[in-house]
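I have placed the structure first, in the form of structure tokens, so that the comments after it can refer back to it.
The values are calculated or read from the model by the stated rules, or taken from the named source; none is laboratory data. If you're wondering where the values come from, they're calculated on a predicted model, not measured in any experiment. So basically every Cβ, Gly included, is an ideal-geometry build from the backbone, and we count neighbours across all protein chains shown.
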Amino acid sequence: MIPPVPSLAEYGLSPESGFLPSEPPLQSLPDPYYSRWEAIVANLQALILSQRLRVTIDHMPILSTDQLNTVPEWRRAYVLLTFMLHGYIWGGDIPAEKIPPSLTIPLLTVSSHLELPPVATYASLCLWNYKSIFPEDPADNLENIVPFFTFTGSLDEQWFYLISIAIEGRGATTIPLMLNAISAARQGDIKVVTECLNTFAQRLDDIGTLLQRMYENCDPHVFYHRIRPFLAGSKNMSDAGLPNGIVYDDGTGKESRHTYGGGSNAQSSLIQFFDIVLNVEHRPTGTKRTENSSSSDEGGQAPKKHHNFIMEMRSYMPGPHRRFLEHVASVANIREFVLENRSDKALCAAYDSCLATLRGLRDKHIQMVSRYIIVKSREIRNQQPSSLAKTRVDIAHPVSQASSSRSAAVVNPATVAGSARKSLRGTGGTALIPFLKQSRDETGEPAIGVLDKGLPVKGPAEASYAPLDIMDEHADGQLEVVGLAGTWKREEGEGGLCHW
């Protein structure tokens, strides 16, 4: 039996706000019992700068979650606790490996309730971390939204979150639009499907324009050196001072270490929704479409295991959002419908236009990652060892001359460098450029016609996977342009915001 097209309400979504809350996020927890949590995060920057955050959290009472009664309250608690967590881990001279019970116990309960990991995610940094100045205005208006919390208090960090929030708001209406296209395809309505696809391509182009507004108020140097370190998780953080992850002390005396990726835009359900409805398939990084992962190589050995970062990131989404994507994947039929009606040039052109525009969005993102991460990382690597040692200072506190004797022990993830590092990583934990380039190239594979520089031409061709030209890349794969969240290591593996 064919599954029904998903109902947005069933997954807590709305046609107007999409994956953003249908009601504005709470500006504070209503029960004064949680005033300590609210006060700590409201003064987060001051506590980090004065090096008082850890001792404050260490002496914080263990609060029960029994007073949390509504979904918005649970979400607010998750935002508060994860901001405390990352401030606690990264807001000192060296990273904290052990999280005290006062933070661990409520965080584990709240995370479990929301079906999220106990770490800062896209949901806590962006989806549930904003208020509208005028609630009646849409959330895609950058002049109308403000984040509740940041680690640094800088305009750059606020803007970094706001761009993602506005993209979610701008893209919200594409969800009912494309669900309508799926329903129309079931009815064989070529006209409606074509109209939906043309509108979808326009919305994707709008999102690309919105993404490029990042440059207006987020400086690459501030992002790389001040903001990005706080976004890191505990996965593949050896160079940053967390070789074995972190311990969540739940007071039972049973200590076990855990590793989690940090916030990443791959955790955006909206971006994954775009791929699903267009039937864009993303393989594990490093694999090609023709690879058969179930076969062994010529030597009779099992094939190399590859890591599918995008699928892993679904475990960092709120449970209802994750299940919604799974439901959409079970009914996605647009490419199949286009193939069945490939004689209709307008339909094929509309579908290919969506792929080209989504591919163009990923090109814009690669250029941004290059400017914000690749270039800044190369600046660090090009420093002489002596000057590099001087830059290894705490992310929150510049080391004074009087305290220089202890500077060798201070770790700043933004300045960690070494010849052994081979491949830049995002804060979500994956090898950065190979992942982004492969995701970009995979976006064009389902094309019905031939895509040239992101534009569909000459109508439908034979059913195939059309190769896309690689933009601004040298033969050795190096990017010529000058990329979005943090990178910690330079080798195959996992760590930051913005992996599309």
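Side notes on the structure shown:
- Some residue of the stretch 87-102 being among the basic types (K, R) and either crowded, with 23+ Cβ neighbours inside 10 Å or over 24 Å from R52 (Cα atoms) (or both): no
- Count of the stretch 288-315 residues which are surrounded by 16 or more Cβ atoms within 10 Å (Cβ to Cβ) and at pLDDT 60 or above: 5
- Test: residue in the stretch 24-38 that is surrounded by fewer than 17 Cβ atoms within 10 Å (Cβ to Cβ), within 24 Å of the chain's Cα centre (by Cα) and modelled with pLDDT under 95: yes
- The stretch 55-88 - residue that is β-branched (V, I, T) and assigned to a helix (DSSP H, G or I) and, of those, farthest from T150 (Cα to Cα): V71
- Scan of the stretch 112-163 for residues that are among the hydroxyl-bearing types (S, T, Y), touching a strand residue (DSSP E or B) at 6+ places or on another chain (Cβ under 7 Å) and surrounded by fewer than 20 Cβ atoms within 10 Å (Cβ to Cβ), ordered by number: S132
- Within the stretch 182-203, tally of residues that are surrounded by fewer than 24 Cβ atoms within 10 Å (Cβ to Cβ) and in contact with a Cys (Cβ under 8 Å, 6 or more places away or on another chain): 2
- When the stretch 225-245 is filtered for residues that are assigned to a helix (DSSP H, G or I) and surrounded by fewer than 23 Cβ atoms within 10 Å (Cβ to Cβ), the ones remaining, listed by number, are H225, R226, S238, D239.
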